[in-house]
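**Student:** To start, I am sharing the structure in question, which I have written as structure tokens.
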Amino acid sequence: MDLFSITLSGFRRFKEPTTLRTVGKVLAILGPNEAGKSSLLQAISYLDSNDPLPLGSATRGQNADETKISAK
């Protein structure tokens, strides 16, 4: 899979809509502790699934209906 961008909203550490743009190949994800690196990887793994997101994947204080993950 070539990933050009992923947008997360209401997913774990990403309360506000956040878009990560790449050039098609992600080589490394770097950041400080609690920055959302694992959340990002988990969101990417859900892209290839038809299953609903787990209940605990929504940002605290938000409904699961507000959680969105999209990618190109």
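**Student:** I'm checking my understanding of the structure. Among residues of the stretch 14-36 that are part of a loop (DSSP other than H, G, I, E, B) and under 11 Å from the mean Cα position of the chain (by Cα), which one is farthest from LEU3 (Cα to Cα)?
**Tutor:** Step by step, filter the stretch 14-36, then rank; the result is LYS15.
**Student:** Okay, next question. I need a count of the residues in the stretch 1-30 that are closer than 28 Å to ASP65 by Cα and either in contact (Cβ under 8 Å) with a residue 60 or more places away in the chain or of a type outside the set (A, V, I, L, M) (or both).
**Tutor:** Number of matching residues: 20.
**Student:** Filter the stretch 50-72 for residues that are of a type outside the set (Asp, Glu) and assigned to a helix (DSSP H, G or I); which is most open to solvent (accessible area, probe 1.4 Å)?
**Tutor:** Of everything passing the filter in the stretch 50-72, LEU55 is most open to solvent (accessible area, probe 1.4 Å).
**Student:** In the stretch 1-39, which residues are of a type in the set (Gly, Ala, Ser) and surrounded by 16 or more Cβ atoms within 10 Å (Cβ to Cβ)?
**Tutor:** If the condition is that a residue be of a type in the set (Gly, Ala, Ser) and surrounded by 16 or more Cβ atoms within 10 Å (Cβ to Cβ), then SER9, GLY10, GLY36, SER39 are the ones that fit.
**Student:** Continuing with the same structure: When you go through SER39, SER5, SER45 one by one, which is the residue that is outside any helix (DSSP H, G or I) and under 11 Å from the mean Cα position of the chain (by Cα)?
**Tutor:** So the residue among SER39, SER5, SER45 that is outside any helix (DSSP H, G or I) and under 11 Å from the mean Cα position of the chain (by Cα) is SER5.
**Student:** So, in the stretch 5-31, exactly how many residues are modelled with pLDDT under 90 and farther than 18 Å from ASN63 by Cβ?
**Tutor:** Result for the stretch 5-31: 8.
The values are calculated or read from the model by the stated rules, or taken from the named source; none is laboratory data. Source: prediction; values computed, not measured. When we count neighbours, we look across all protein chains shown, and the Cβ atoms used for this are built from the backbone with ideal geometry, even at glycine. Heavy atoms of the whole protein, side chains included, go into the accessibility calculation; ligands, DNA and RNA do not. Shrake-Rupley method; radii C 1.70, N 1.55, O 1.52, S 1.80 Å.
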